[in-house]
Each structure stands twice: as C-alpha cells, then as structure tokens.
Amino acid sequence: MNLETATRENLEHIVKEIKDSLKIVNAAIITADDFKLEQYEELLDIYRMIEKKQGRLTMMEIEGVLDELRDLKQNG
C-alpha cells in the first residue's frame with residue numbers, strides 16, 4: 001500500500017493502524033470519519049512515529065499521541 005498518496009482509503013488504514021498500535025479499548029472514540037484528508041500529513045507523521053518505535057511507546061508518548069489526535073479531531 002502506497003501511503004504517500006492522501007486518499008480516504010489510506011486515511012482509514014492509517015487511523016486503524018494507529019488505534020491498533022495504541023490498543024485503544026473503545027475504538028469508536030476515534031474513527032477515520034473524524035478526520036479530513038487535509039489532515040492526512042499530520043496523521044501520516046503520527047503513524048510513522050509509531051511504526052518507527054515498533055509500537056513500544058511510553059505512557060507519555062501514548063498520551064501525547066492521543067492529545068494530538070484529539071486536537072486534529074476537534075479541528076476537523
């Protein structure tokens with residue numbers, strides 16, 4: 001999958017992978033529909049950071065990611 005192109009399908013994939021990596025219990029609190037394609041680059045940056053850490057995030061990093069997602073969601 002080429003994630004360089006901002007498509008709705010890629011956005012959905014990235015959001016799903018972020019949720020899976022963070023092990024979000026209530027997955028309904030974050031959905032791909034919460035975000036616009038204009039926010040794709042920011043979401044891709046978050047996704048890449050999580051992938052780079054291979055899912056081994058500290059609690060502070062997880063909180064930071066969730067804060068960033070919340071900000072993006074509110075601005076969406």
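Coordinate-derived values only; no laboratory data. Because the structure is a prediction, the values reported are computed rather than measured. All Cβ positions, glycine included, derive from the backbone under ideal geometry; neighbour counts span all protein chains shown.
What the table below lists for this structure:
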item: Two-decimal ratio, the chain, of alpha-carbon radius of gyration to 2.2 N^0.38 Å; result: 1.00
item: Charge sum, other residues only, whose C-beta stays under 12 Å from Asp45's C-beta, Lys/Arg counted +1 and Asp/Glu -1; result: -2
item: Sequence-separation-based contact order of the chain, relative, with Cα cut under 8 Å and 6+ spacing, percent; result: 36 percent
item: Dipole moment magnitude, nearest 20 debye, the chain about Cα centre, only Lys, Arg, Asp, Glu C-beta charged; result: 280 debye
item: Between the range 6-21 and the range 34-76, the alpha-carbon center distance in angstrom; result: 11 Å
